[in-house]
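What follows is a set of notes on a single structure, which appears directly below.
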Amino acid sequence: MEITVLGHRGAFPGAGEATSGYLLQSGRSSILMDCGSGVLSQLFRYIRMGDLHAALISHYHHDHIADLGCLQYASLVTSQLGQREAPLPIYAHAQSERFQSLTMKDATVGYEIQEGQRLELCGISFEFCPTIHSVHCLAIKGELSGKAFGYTADTSYSKQLSDFFNGCELLIAESSFYADQDASAYGHMNAADAARMASEAGVSRLILSHLPHFGDTNDMVAQAQEVFAGSVELAYIGARYEL
Ligand SMILES: [Zn+2]
């Protein structure tokens, strides 16, 4: 399984950047995880629309779904051009009125995911766990051939999530603030929170993502390394991780 970062920024993208988006690939299968602002233009650097099998959405905040409408248009247009055979399945929780909008005639079909469910997609086994955020949000875990990754989506520090990610090799964790800032007040984590979660989960590799627009994000690596003994890296567009 290969994970490519399509967007690593929180809230809004800087010039040439994108907010949350990750491409999961296994063999010839491709799954998009979150579809933030700028993600589509990054996605099409790697695959064509006809090769995308499904999209997985953690929650309905703009920085995770801003490009979803255009993804639906892309699916519609490529279907009409004969480059897609079936509507694109979009998996997301249904605890929002926005769930209904995931289905667009001849383009996409929304499917509900929920806590405790196991979803098999392209051979990858997914599980979901609620996070601590201002709206309902699901963290995602994916496993293939005994190798697993975790994605916190947006959350404050949560012991439940540390437990959920137990057994994962790689953790993509949101790090929206620096270690000396209280991120929990905003429903987010700082670099130390992310590192604590990685340490408790026992992962070997921590990727800090959903990065802020202030300060020097390189400082976050040092801050995380004070708490977590494994490898710590900053996510960047085009970064690829193999599992
Ligand atoms: Zn976000």
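Every number here is computed from the coordinates shown, using simple stated rules; none is lab data. Since we're looking at a predicted model, the values are computed, not measured. FYI the Cβ positions are ideal-geometry reconstructions off the backbone, even for glycines, and counts take in every protein chain you see.
For segment 5-105, a simple Cβ point-charge model (Lys and Arg +1, Asp and Glu -1, everything else neutral) yields a dipole of about 200 debye relative to the Cα centre. How much net charge surrounds HIS61 when only other residues with a Cβ under 11 Å from its Cβ are counted (Lys, Arg +1; Asp, Glu -1)? Result for the neighbourhood of HIS61: -2. Neighbours of HIS136 by Cβ distance under 14 Å: Lys/Arg scored +1, Asp/Glu scored -1, total -3. The trypsin sites (Lys or Arg not before Pro) of segment 68-123 meeting both criteria, a DSSP state outside H, G, I, E and B (loop) and at most 10 other C-beta atoms within 10 angstrom of the site's C-beta, are LYS105. Taking other residues whose beta carbon is less than 15 angstrom from the beta carbon of ALA198, and scoring Lys, Arg as +1 and Asp, Glu as -1, yields -3. With contacts taken as Cα pairs under 8 Å at a separation of at least 6 residues, the chain carries a relative contact order of 16 percent. Among ASN166, ASN190, ASN218, the largest mean-square fluctuation in a Gaussian network model of the chain (Cα springs under 10 Å) belongs to ASN218.
The residue list LEU40, LEU56, GLY27 was ranked by how far each Cα lies along the charge dipole of segment 1-91 toward its positive end, using unit charges on Cβ atoms, and GLY27 comes out on top. Net charge dipole, the chain: roughly 640 debye, given to the nearest 20, about the Cα centre with Cβ charges of +1 for Lys and Arg and -1 for Asp and Glu.
Of all segments of the chain bounded by GluC sites (Glu not before Pro) found in a DSSP loop with no more than 13 other C-beta atoms within 10 Å, the longest spans 116-225. Percent relative contact order of segment 1-45, based on C-alpha pairs within less than 8 angstrom and at least six residues apart? Relative contact order here is 37 percent. Bridges between two residues of the chain, per DSSP, are antiparallel at a rate of about 55%.
Against the chain, whose longest principal axis is taken from its Cα atoms, helix 191-201 shows a tilt of about 80°.
For the chain, what does the helix formula give at 222 nm: sum of -39500 (n - 2.57) over DSSP H segments with n ≥ 4, over the residue count, nearest 500 deg cm²/dmol?
Here the helix-only value at 222 nm equals -5000 deg cm²/dmol.
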